[in-house]
Amino acid sequence: MTRPRLIVVSMSLPVTAKRTGEESWSFAMNSGGLVSALLGLKGFETKWIGWPGVDVYDVVGKKALSTALAEKGCIPVFLEEVCDQYFNGYCNNILWPIFHYMGAPPEYRDDGTITYQSQYDAYKKANRIFFDVVKEHYQEGDVVWCHDYHVMLLPQYLKEYNSKMNVGWFLHTPFPSSEMYKTLPSRSELLRSILTADLVGFHTYDFARHFVNACMCILGIDATSEGVVDQGKVTQVAVFPIGIEPERFISTSELPEVVQYMKKFKNDFAGRKLILGVDRMDFVKGLPQKYQAFEKFLEENEDWRGKVMLLQIAVPTRNGIGEYRKMKDQCHKLVGRINGRFGSISSVPITHLDCSVPFDQLCALYAIADALLVTSLRDGMNLVSSEFVACQKEEKGVLILSEFAGAGQSLGAGALLVNPWNIKEVSNAIGEALNMSPEEKERKHKINFQYVKTHSTQQWADDFMNKLNEITSNGELQNGN
Ligand code: ADQ
């Protein structure tokens, strides 16, 4: 079957550009779930449209950057003056917290120089700029796959321009209950735009149900078993749980240099069990809760002091937003307190790193960890859980997983599921993981490994594209009749 060309649209490209001269650019790979997932796609001719991570004001620079990115199959969207209010403002300061049940921050109220309305205006402008770029590169027959909350108005702009365009929209975060979603002043416009897409996808059944409920409560429209009906048009709403590229993690963890790292790290951590955490430094990942739970565990389990460590890789993110900086300070304070209370001359219980680590070292850490601790307060899926499962070969480490991560629904059977708000419960789960029998670890790992192997990112994309194809070709038949 020949596949249509795929235009992926997301806020960020898989690379961030850095200017090295008037007409020269260098690139660094981005980390983050969306990029990890989409980089695994095979079998599609793909163009990726998104922001290159930098503002460029001069024509020469823009042209050189576009040429350099074209070699990577990427097309830049230049956002310049709208970027701050759009990205740091409306997307990350308003939509992100609301979609993760945190509510909107004070800036949300129209009481400052940067108002809710000015941020929403920037959001509309930015979505128009994305639209202009898609329009310029679109060829008849292409499928346009819009990703995430940054481009919720894009489906409508695309369909108004060309109603025959095949448009899908997928949300990588949770979609909150309508009680939370309806606090958003622009709630109706955003929903109406999403409903113009041919297919709307979510990670879990609950997120899809919340979306359908929001459409019913806020727009007063009907739902069917397939989705939502607005003015006679059915928009299909479906569940596509994202996965990882398991072979990439399995084969990397077998590379000689990774095996070397494994030996080195085991030596570095000798005599101590390793609990690993890998999260973007984001308040939705529940790092303070994680630290408090580990502190509780050390408080209540004197025998384990000096025999267990928590290594937390806290990948920097969204440093331009005050709340993120505050959370980082809070984490540093907690780590200082806990290390002060339970450390010794030769070791401290928590190693907290404000940085990313290279991919081969990340795989080595996944492979040797005795447990992975995920305490997300809300998370669309959480790919780190699957990556840990894929890399574990000999240790069969235990996955301690928040029930508020989408992954809780797919990997729950082979994990210790916890409520991250319940510090005592997480502390008990740490104890259970450390004391678990090898047979039970093996049993749990087998369940999750099987799931991760068979639910890849490729499968996720294929399922979405096949469904979209089914819907749009049915549409053509109906129109033909
Ligand atoms: P994220 O919030 O970024 O993703 P997650 O799903 O855990 O969360 O993905 C993080 C990704 O970053 C992983 O693939 C991981 O390998 C990568 N990463 C972390 N540290 C790294 C490092 N040091 N070097 C390189 N890569 C690193 C968002 C949503 C999630 C959802 C995903 C995908 O918030 O809920 O699961 O999108 O839909």
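Coordinate-derived values only; no laboratory data. Note that this is a predicted model, so its numbers are computed, not measured. Neighbour counts are summed over all protein chains in view; Cβ atoms, including those assigned to glycine, are modelled from backbone coordinates with ideal geometry.
Values as computed for the structure displayed
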| quantity | calculated |
| --- | --- |
| Spatial separation of Cα centroids for the stretch 391-415 and the stretch 258-304, in angstrom | 16 |
| Most positive-pole-ward Cα, 238, 277, 265, against dipole of the stretch 190-279 from beta carbon charges | 265 |
| Degrees between helix 287-300 axis and first principal axis of the chain (Cα, 0 to 90, nearest 10) | 20 |
| Rounded to 5, the percent of DSSP beta bridges in the stretch 188-321 classed as antiparallel | 35 |
| Cα-based equivalent ellipsoid of the stretch 199-263: semi-axis lengths in Å, sorted from largest, via gyration tensor | 44, 11, 7 |
| Acute angle (nearest 10 degrees) that the helix 59-70 long axis makes with the longest principal axis of the chain, alpha-carbon atoms | 70 |
| Ascending count of other beta-carbon atoms within 10 Å, so fewest first, for 249, 359 | 359, 249 |
| Ascending count of other beta-carbon atoms within 10 Å, so fewest first, for 447, 400 | 447, 400 |
| Charge dipole magnitude, Cβ of K and R +1, D and E -1 - the stretch 277-402, Cα centre, debye nearest 20 | 400 |
| Translational diffusion of the stretch 335-404, µm² s⁻¹ [Kirkwood Rh, Cα pairs; Stokes-Einstein; 20 °C; 1.002 mPa s] | 154 |
| Hull shadow area, averaged, the chain [alpha-carbon convex hull, nm²] | 24.3 |
| Ranked list, fewest to most other Cβ atoms within 10 Å of each Cβ, for 74, 146 | 74, 146 |
| Translational D in µm²/s for the stretch 146-300 (Stokes-Einstein at 10 °C, 1.306 mPa s, Kirkwood Rh from C-alpha pairs) | 83 |
| Square roots of 5 times each gyration tensor eigenvalue, C-alpha, the stretch 1-116, largest first, Å | 29, 21, 11 |
| Relative contact order, percent, the stretch 303-415 [alpha-carbon distance under 8 Å, six or more residues apart] | 24 |
| Simple Cβ-charge dipole of the stretch 188-293, Lys/Arg +1 and Asp/Glu -1, about Cα centre, in debye nearest 20 | 720 |
| Cα-derived Rg to Rh of the stretch 40-85, Kirkwood definition | 1.04 |
| Alpha-carbon radius of gyration plus Dmax, which is the widest Cα pair, for the stretch 339-462 in Å | 15.1, 53 |
| Equivalent-ellipsoid semi-axes of the stretch 238-279, from the Cα gyration tensor, Å, largest first | 28, 16, 6 |
| Estimated translational D of the stretch 139-225 in µm²/s (Stokes, Kirkwood radius over Cα pairs; 37 °C; 0.692 mPa s) | 247 |
